[in-house]
Amino acid sequence: MTVEQGRIEPAAMQRSVGAGRIAVKAGPDGRTRLDALHQKANAKIRIPKAYGTALEAVLINTAGGLTGGDRLDWSAAAGAGTHLAIATQACERIYKSAGGTAQQTTRLDVGAGARLDWLPQETILFDDSGLDRSIEIDMAPDAAFVGLETLVLGRAAMGETVRRTHLRDRWRIRRAGQLIHADNVRLDGDATALADGPATLAGCTAIATLVHVAPGDDEQRAALSERLRAALAPMTAGALQVGVSAFAGKCVVRLMAPDAYRLRPLAIAALSILRDGAPLPAVWRS
Amino acid sequence: MATAMTDTTALIRLMSWLSPVFPTGGFAYSAGLEQAVADGAVTNAASLHGWIATTLVHGAPWNDAVLLAEAHRASDNLDDIADLAELGRALCVSAERRRETVDQGAAFLDAAAHWFGPGALPPRETPLPVAIGAAAGLAGIDAEAALAAFLNTLVTNQLQCAIRLSVTGQTGAAQILAALEPSVADMARRAAAATTDDLGGSAFGADIASMTHETLQPRLFLS
């Protein structure tokens with residue numbers, strides 16, 4: 001602690017700096033096997049018993065959340081012909097910041113004929129939190145990717161509202177080096193100004209974005225979006241909102257709900273269709 | 001970049017490029033507004049004002065403004081323009097939004113070619129804001145002036161859509177246009193200093209409206 005003009009200021013706080021990396025390769029039997037695993041500080045990766053031929057990895061931030069000054073870097077590489085499904089053990093909590101923003105980066109490489117499913121649980125932004133996050137995905141021309149990110153503003157069950165936050169969330173997907181998907185979400189400052197407007201949050205506090213990129217033609221993608229709309233439409237009532245659009249080699253879904261509890265069934269139904277009915281990692285089902 | 005032209009010539013040029021004579025077809029696209037009206041989110045002049053003011057600042061128009069400003073800076077470098085064009089296409093949240101920006105970009109470039117030598121302008125698949133930014137930069141038109149003209153045209157296009165959708169009349173539309181003038185000026189000023197690090201929005205409701213519009217029947221607009 002340093003004392004300055006009679007006020008006690010916290011000294012530069014020791015913040016967490018975690019990093020985890022996993023790489024998988026195809027085994028002789030066609031099953032996906034672990035190739036490399038690196039874990040630093042609070043970033044841990046667990047490999048539960050796999051289902052089918054895919055390998056499932058669970059990311060754990062043992063610090064229990066992120067706050068200003070924290071940094072967390074994940075990277076994963078799915079080698080040629082593999083199938084890697086990645087989930088997180090728990091929701092990522094972004095706590096009130098005493099200064100600065102938390103930094104999180106994710107880098108995913110999806111090799112020739114490989115498939116990677118990015119299935120983290122919700123990111124919960126607390127009041128006065130700050131997060132700069134980016135996810136970069138590099139895909140081989142014939143690779144497949146399904147991913148989702150869910151943002152929740154405050155813990156509605158605890159009557160918490162987020163009045164101020166700083167969020168920069170950046171997605172970039174490249175296939176064969178070409179940028180095919182970009183999405184920048186930005187919430188700056190007064191979140192209450194965005195809370196009720198129909199063009200912004202429309203009274204919702206939970207938002208999910210899902211992206212599906214896979215080999216296939218426009219007709220197959222149109223059929224996929226039809227299946228999504230048919231499955232999700234009966235589930236939308238009241239403030240629940242669903243948007244689906246397939247174009248330019250991808251299918252994009254945005255979901256909004258008043259709280260995380262009501263968003264989850266929509267996200268699960270959408271993922272089930274985008275993943276051809278494959279069961280979600282066990283951490284999603286607990 | 002060419003030498004800066006006189007203010008009067010620049011004003012005439014911007015008015016020409018963003019005029020109804022240009023085949024950009026702004027009148028054919030509602031940018032999700034038609035869906036918002038169908039959903040009952042926009043029902044009268046007050047809710048229309050709110051929708052336009054919010055989407056302008058928090059939706060695709062802000063990203064478009066940032067791309068225009070970056071294209072203006074990079075106007076003499078076709079490689080940088082190609083990267084911005086790729087980013088502009090990738091940022092589109094829906095099929096219709098992508099068609100809107102790409103088709104209007106191509107139409108703009110075809111018409112703007114009358115002011116430039118062959119090969120000076122970027123290729124046809126360049127999204128509208130990148131195309132306008134590049135053309136304005138090459139012509140020596142001030143970035144902030146080009147941004148203001150572009151953003152104000154987005155607003156007038158939305159108001160024309162609203163009139164056709166019977167949400168408001170010309171008097172109500174003019175009132176909103178007057179009320180949004182400071183917002184447009186402020187955005188143009190901020191965007192002129194912005195870079196791709198400043199991209200981003202939170203118009204989730206407008207995004208969903210844009211995606212849902214592709215299934216709306218019957219409809220007057222292409223987006």
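The values are calculated or read from the model by the stated rules, or taken from the named source; none is laboratory data. Computed from a predicted structure; not experimentally measured. Using ideal geometry, Cβ is built from the backbone for each residue, glycine included, and neighbour counts are taken over all protein chains shown. The accessibility values were calculated without ligands, DNA or RNA, using every heavy atom of the protein model including side chains. Shrake-Rupley method; radii C 1.70, N 1.55, O 1.52, S 1.80 Å.
One residue stands out in region A:238-264 among those that are open to solvent by less than 70 Å² (accessible area, probe 1.4 Å) and over 16 Å from B:Ser94 (Cβ atoms): the one that is farthest from the chain's Cα centre (by Cα), namely A:Ala239. Assessment of region B:31-48 against the conditions (within 14 Å of chain A (Cβ to nearest Cβ), touching a strand residue (DSSP E or B) at 6+ places or on another chain (Cβ under 8 Å) and surrounded by 14 or more Cβ atoms within 10 Å (Cβ to Cβ)) yields no matching residue. Considering (1) open to solvent by less than 20 Å² (accessible area, probe 1.4 Å); (2) charged (D, E, K, R); (3) not in a helix (DSSP H, G or I), the lone condition that B:Asp76 does not fulfil carries the number (1). With respect to the stated conditions, A:Val162 is within 17 Å of A:Leu263 (Cβ to Cβ), open to solvent by 10 Å² or more (accessible area, probe 1.4 Å) and aliphatic (A, V, I, L, M). The single condition among (1) open to solvent by 10 Å² or more (accessible area, probe 1.4 Å); (2) free of Cβ contacts under 8 Å to residues at least 40 places away in the same chain; (3) in a loop (DSSP other than H, G, I, E, B); (4) of a type outside the set (D, E, K, R) that A:Ala199 does not meet is (1). Here B:Ser19 passes the criteria (1) open to solvent by 10 Å² or more (accessible area, probe 1.4 Å); (2) under 15 Å from B:Leu154 (Cα atoms); (3) modelled with pLDDT of 95 or more except the one numbered (3). Considering region A:135-159 alone, what residues qualify as being on the phi > 0 side of the Ramachandran plot and open to solvent by less than 10 Å² (accessible area, probe 1.4 Å)? Within region A:135-159, A:Gly154 is the sole residue that qualifies. Which pairs have Cβ atoms under 7 Å, sit 6 or more apart or on different chains, and link a residue in region B:56-74 that is within 13 Å of chain A (Cβ to nearest Cβ) and of a type in the set (D, E, K, R) to one that is open to solvent by less than 10 Å² (accessible area, probe 1.4 Å) and assigned to a helix (DSSP H, G or I)? Pairs that qualify, where the first residue is within 13 Å of chain A (Cβ to nearest Cβ) and of a type in the set (D, E, K, R) and the partner is open to solvent by less than 10 Å² (accessible area, probe 1.4 Å) and assigned to a helix (DSSP H, G or I), are B:Asp64/B:Pro129. Of the residues screened, A:Thr205 is not one that is open to solvent by 20 Å² or more (accessible area, probe 1.4 Å) and farther than 24 Å from B:Asn63 by Cβ. Residues in region B:180-215 that are crowded, with 16+ Cβ neighbours inside 10 Å and not in a helix (DSSP H, G or I): 6 in all. Residue pairs whose Cβ atoms lie under 6 Å apart, sitting 6 or more positions apart in sequence or on different chains, and linking a residue in region A:123-134 that is at positive phi to a partner that is part of a strand (DSSP E or B) and not small (Gly, Ala, Ser), are A:Asp128/A:Lys96; A:Asp128/A:Arg164. I'd like to know if region B:95-106 contains one or more residues that are in contact (Cβ under 8 Å) with a residue 60 or more places away in the chain, farther than 16 Å from B:Met187 by Cα and away from chain A (no Cβ under 14 Å). Within region B:95-106 (the criterion being in contact (Cβ under 8 Å) with a residue 60 or more places away in the chain, farther than 16 Å from B:Met187 by Cα and away from chain A (no Cβ under 14 Å)), the answer is yes, since at least one residue qualifies.
One line per residue, one yes/no per condition, for (1) in a loop (DSSP other than H, G, I, E, B); (2) of a type outside the set (Val, Ile, Thr); (3) over 17 Å from the mean Cα position of the chain (by Cα):
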position	(1), (2), (3)
B:Gln35	no, yes, yes
B:Val42	yes, no, yes
B:Ala46	no, yes, yes
B:His49	no, yes, yes
B:Thr54	no, no, no
B:Asn63	no, yes, no
B:Leu67	no, yes, no
B:Glu70	no, yes, no
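Being more than 12 Å from the chain's Cα centre (by Cα) and under 21 Å from A:Val283 (Cβ atoms) holds for only one residue in A:Arg155, A:Arg164, A:Arg168, and it is A:Arg155.
Here is a yes/no grid of residues against (1) closer than 15 Å to A:Trp74 by Cα; (2) in a loop (DSSP other than H, G, I, E, B):
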{"site": "A:Gly100", "(1), (2)": "no, yes"}
{"site": "A:Gln103", "(1), (2)": "yes, no"}
{"site": "A:Asp109", "(1), (2)": "yes, no"}
{"site": "A:Trp118", "(1), (2)": "yes, no"}
{"site": "A:Gly130", "(1), (2)": "no, no"}
{"site": "A:Pro141", "(1), (2)": "no, yes"}
{"site": "A:Val152", "(1), (2)": "no, no"}
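Could you list, in sequence order, the residues of region B:80-94 that are of a type in the set (A, V, I, L, M) and either closer than 15 Å to A:Arg254 by Cα or facing chain A (nearest Cβ under 8 Å) (or both)? Of everything in region B:80-94, those that are of a type in the set (A, V, I, L, M) and either closer than 15 Å to A:Arg254 by Cα or facing chain A (nearest Cβ under 8 Å) (or both) turn out to be B:Leu87, B:Ala90, B:Leu91, B:Val93. Within region B:191-220, residues that are more than 12 Å from every other protein chain (Cβ to nearest Cβ) reach partners that are open to solvent by 30 Å² or more (accessible area, probe 1.4 Å) and part of a loop (DSSP other than H, G, I, E, B) with beta carbons closer than 8 Å, at six or more positions or on different chains, in the pairs B:Leu220/B:Leu165. Within the span defined as region A:175-183, one or more residues are in a loop (DSSP other than H, G, I, E, B), open to solvent by 10 Å² or more (accessible area, probe 1.4 Å), farther than 19 Å from A:Leu125 by Cβ and more than 11 Å from chain B (Cβ to nearest Cβ). Within region A:27-43, track down each residue that is open to solvent by 50 Å² or more (accessible area, probe 1.4 Å) and either touching a Leu at 6+ places or on another chain (Cβ under 6 Å) or closer than 13 Å to A:Gly79 by Cβ (or both). If the condition is that a residue be open to solvent by 50 Å² or more (accessible area, probe 1.4 Å) and either touching a Leu at 6+ places or on another chain (Cβ under 6 Å) or closer than 13 Å to A:Gly79 by Cβ (or both), then A:Arg31, A:Arg33, A:Leu34, A:Asp35 are the ones that fit.
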